[in-house]
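Each remark here refers to the structure printed beneath this line.
The values are calculated or read from the model by the stated rules, or taken from the named source; none is laboratory data. Treat the numbers as computed from the prediction; the structure is a model and nothing was measured. Cβ placement follows ideal geometry from the backbone for every residue including glycine, while neighbour counts extend to all protein chains displayed. Just so you know, the surface numbers come from the protein's heavy atoms only, side chains and all, with ligands and any DNA or RNA stripped out. Shrake-Rupley method; radii C 1.70, N 1.55, O 1.52, S 1.80 Å.
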Amino acid sequence: EKGKIFSIHSDNPLYFPCDSVGTVGGNDGINVLLTYKNGVLAFKQNEIYAQTLKNGSAINSSSLLADDDSVFYNVDSFTVKKISGDKGSNNKYACLLCGNEAVWLGSDRRVYSLSTSSFEITELSERVDSFLNSLDDNEIKKAFAVQNGNRFLLLIGKKAVIMDFSKGGIKNSAWYLWSFPMSTLLGAVSFAGKLRIFCIGSDGEVFYTAS
């Protein structure tokens, strides 16, 4: 449901308490959920919320006439904190956790970081704002983010914005722009330090991978 996050204990067998739910903001939808060490970040169009939960206690299984060793749990309790009322995200594929920092492409076409300990938000993309603002809405909606080591890559159509934080950290990153004029980027995956990009050729039919 819009604005609601449901939770269930991973060991709860065939049991989903309908009232184990936390509500964030109004009735507008949640676009992105990003888990971190202490909870979940919920991104709406122009809002960000941090939600922590406390697992429900075990229920007396004998009262449920359980015929095995299954353990059931009461509903979880939620604590919700509003982090921002003017920044958010509308693209679930352009939001990542880089260490202790959430990094995402905002609804306003800027890249931000959010500390999951202090909840401080920092705008990162000033050096590439002109490029991001030149993109049309369809390109922004199809943007895809992937982390490869100390680099945050934002794949957008035939180009990729690279944020390299290997030397100065996330708040003092170097920025690069890659161009793929003969291909359209669809997504990417990074595993064991190796990056693999998925794309289609200029004919729009042949699928390629690049590494």
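Quick one: count up the residues across segment 109-144 that are in a strand (DSSP E or B) and more than 18 Å from residue 45 (Cα to Cα). So that I can check it myself, show each step before the final result.
Kept after step one, since they are in a strand (DSSP E or B), are these residues of segment 109-144: 111-115, 121-123, 144.
Subset that is more than 18 Å from residue 45 (Cα to Cα): 115.
Qualifying residue count, segment 109-144: 1.
Among the residues of segment 164-202, count how many are open to solvent by 90 Å² or more (accessible area, probe 1.4 Å), of a type in the set (D, E, K, R) and not in a helix (DSSP H, G or I).
Adding up the residues that qualify gives 3.
When only residues in segment 127-164 that are out of contact with any strand residue (DSSP E or B) (no Cβ under 9 Å at 6 or more places or on another chain) and touching a residue at least 24 places away in the same chain (Cβ under 8 Å) count, which is nearest to residue 32 (Cα to Cα)?
Result: 141.
Considering only residues that are more than 17 Å from residue 90 (Cβ to Cβ), at pLDDT 90 or above and open to solvent by 80 Å² or more (accessible area, probe 1.4 Å), which ones fall in segment 133-158?
Hits for segment 133-158 are 134, 151.
Would you call residue 78 buried (at least 18 other Cβ atoms within 10 Å of the Cβ), at pLDDT 90 or above and under 16 Å from residue 4 (Cβ atoms)? Steps first, please.
Details: buried (at least 18 other Cβ atoms within 10 Å of the Cβ): yes; at pLDDT 90 or above: no; under 16 Å from residue 4 (Cβ atoms): yes.
When the stated conditions are applied, residue 78 does not pass them.
Please specify each residue of segment 6-40 satisfying the condition of being among the β-branched types (Val, Ile, Thr) and either farther than 28 Å from residue 90 by Cβ or at pLDDT below 75 (or both). Steps first, answer last, please.
Filtering segment 6-40 down to residues among the β-branched types (Val, Ile, Thr) leaves 8, 21, 23-24, 30, 32, 35, 40.
The answer is 8, 21.
Which of the residues spanning segment 99-111 are open to solvent by 10 Å² or more (accessible area, probe 1.4 Å) and on the phi < 0 side of the Ramachandran plot? Lay out the reasoning, then the answer.
First pass over segment 99-111, keeping only residues open to solvent by 10 Å² or more (accessible area, probe 1.4 Å): 99-101, 107-110.
Residues satisfying the conditions are 100, 101, 107, 108, 110.
Cβ-Cβ below 8 Å, separation at least six or inter-chain, first residue in segment 81-105 and under 14 Å from residue 35 (Cα atoms) and at pLDDT below 95, second of a type in the set (Gly, Ala, Ser) and open to solvent by 40 Å² or more (accessible area, probe 1.4 Å): which pairs?
100/117
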